[in-house]
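The values are calculated or read from the model by the stated rules, or taken from the named source; none is laboratory data. On a predicted model such as this, the values are computed, not experimentally measured, just so you know. Using ideal geometry, Cβ is built from the backbone for each residue, glycine included, and neighbour counts are taken over all protein chains shown. When the accessible area is computed, the model is the full protein with side chains, heavy atoms only, and any ligands, DNA or RNA have been set aside. Shrake-Rupley method; radii C 1.70, N 1.55, O 1.52, S 1.80 Å.
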Amino acid sequence: MEKITFTTTINAPKEKIWKTLWEDATYRKWTAVFSEGSRAVSDWKEGSKVHFLNENNDGMYSLIDKCVTNECMHFKHLGNIKNGQEQPQDETTENWSGSMENYNLTETQNGTQLNVEMDIIAEYKDYFTEKFPLALEKVKELSE
């Protein structure tokens, strides 16, 4: 697994960007870049699960490993979801289960820096390298 990082500077306070990232209406807008109809189901509390779902109720489930409001949200990805149901581990999910996806907000002189660091397996690297900058542009647009 490889670690990749995406960074953007947004001319908005951390609190505004945090809401853009995790409130349902705006979350759906910026994650539509990855899959139209994307949504997340969670209480967004540290230690809780989150279901990342597409319009067909398929996706993945993760654990919120760390959450400090307006500062960081770290996900530990665990497995797949089919038809709204968490699936048991299989050979495919064992390749990426335990991978991390970390969102960090830092105030700078030029605004707020949003840094996303994720563990990625080779077969998804090109996809996320293409899509994540577009998603961060949408977060920036919605926040500014």
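Screening the candidates Val139, Val50 for the property of being in a strand (DSSP E or B), open to solvent by less than 70 Å² (accessible area, probe 1.4 Å), out of contact with any His (no Cβ under 9 Å at 6 or more places or on another chain) and not acidic (Asp, Glu) yields one hit, Val50. Per this entry, Asn115 is counted among residues that are open to solvent by less than 70 Å² (accessible area, probe 1.4 Å) and within 17 Å of Thr20 (Cα to Cα).
Condition first: out of contact with any helix residue (DSSP H, G or I) (no Cβ under 9 Å at 6 or more places or on another chain) and either modelled with pLDDT under 95 or among the β-branched types (Val, Ile, Thr) (or both). Now tell me which residues in the stretch 112-124 satisfy that.
Within the stretch 112-124, the subset out of contact with any helix residue (DSSP H, G or I) (no Cβ under 9 Å at 6 or more places or on another chain) is 113, 115, 117, 119, 121-124.
Scanning the stretch 112-124 gives Ile121, Ala122, Glu123, Tyr124.
Looking at His74 and the list (1) closer than 30 Å to Lys14 by Cα; (2) touching a Gly at 6+ places or on another chain (Cβ under 7 Å); (3) not hydrophobic (A, V, I, L, M, F, W, C), which single condition is not satisfied? Of the numbered conditions (1) closer than 30 Å to Lys14 by Cα; (2) touching a Gly at 6+ places or on another chain (Cβ under 7 Å); (3) not hydrophobic (A, V, I, L, M, F, W, C), the odd one out for His74 is (2). Within the stretch 64-81, none of the residues are out of contact with any helix residue (DSSP H, G or I) (no Cβ under 9 Å at 6 or more places or on another chain) and of a type in the set (Ser, Thr, Tyr). Considered as a group, the residues in the stretch 77-86 that are more than 20 Å from Ala135 (Cα to Cα) and in contact (Cβ under 8 Å) with a residue 12 or more places away in the chain include one that is surrounded by the fewest Cβ atoms within 10 Å (Cβ to Cβ), and that residue is Asn83.
Scan the stretch 31-47 and tell me whether some residue there is of a type in the set (Lys, Arg), free of Cβ contacts under 8 Å to residues at least 24 places away in the same chain and out of contact with any Ser or Thr (no Cβ under 8 Å at 6 or more places or on another chain). Taking every residue of the stretch 31-47 in turn, at least one turns out to be of a type in the set (Lys, Arg), free of Cβ contacts under 8 Å to residues at least 24 places away in the same chain and out of contact with any Ser or Thr (no Cβ under 8 Å at 6 or more places or on another chain).
On the given criteria, is Asp90 free of Cβ contacts under 8 Å to residues at least 24 places away in the same chain, open to solvent by 50 Å² or more (accessible area, probe 1.4 Å), closer than 20 Å to Ala122 by Cα and out of contact with any Gly (no Cβ under 8 Å at 6 or more places or on another chain)?
Here the answer is yes, as Asp90 does meet what is asked.
Using the structure shown, decide if Gly98 is on the phi > 0 side of the Ramachandran plot and under 18 Å from the mean Cα position of the chain (by Cα).
The answer is yes for Gly98.
Could you check, for the stretch 9-29, whether at least one of its residues is surrounded by 15 or more Cβ atoms within 10 Å (Cβ to Cβ), of a type in the set (Val, Ile, Thr) and closer than 22 Å to Lys125 by Cα? There is no residue in the stretch 9-29 that is surrounded by 15 or more Cβ atoms within 10 Å (Cβ to Cβ), of a type in the set (Val, Ile, Thr) and closer than 22 Å to Lys125 by Cα. Against the list (1) in a helix (DSSP H, G or I); (2) out of contact with any Ser or Thr (no Cβ under 8 Å at 6 or more places or on another chain); (3) surrounded by 16 or more Cβ atoms within 10 Å (Cβ to Cβ), the condition Asn102 fails is (1).
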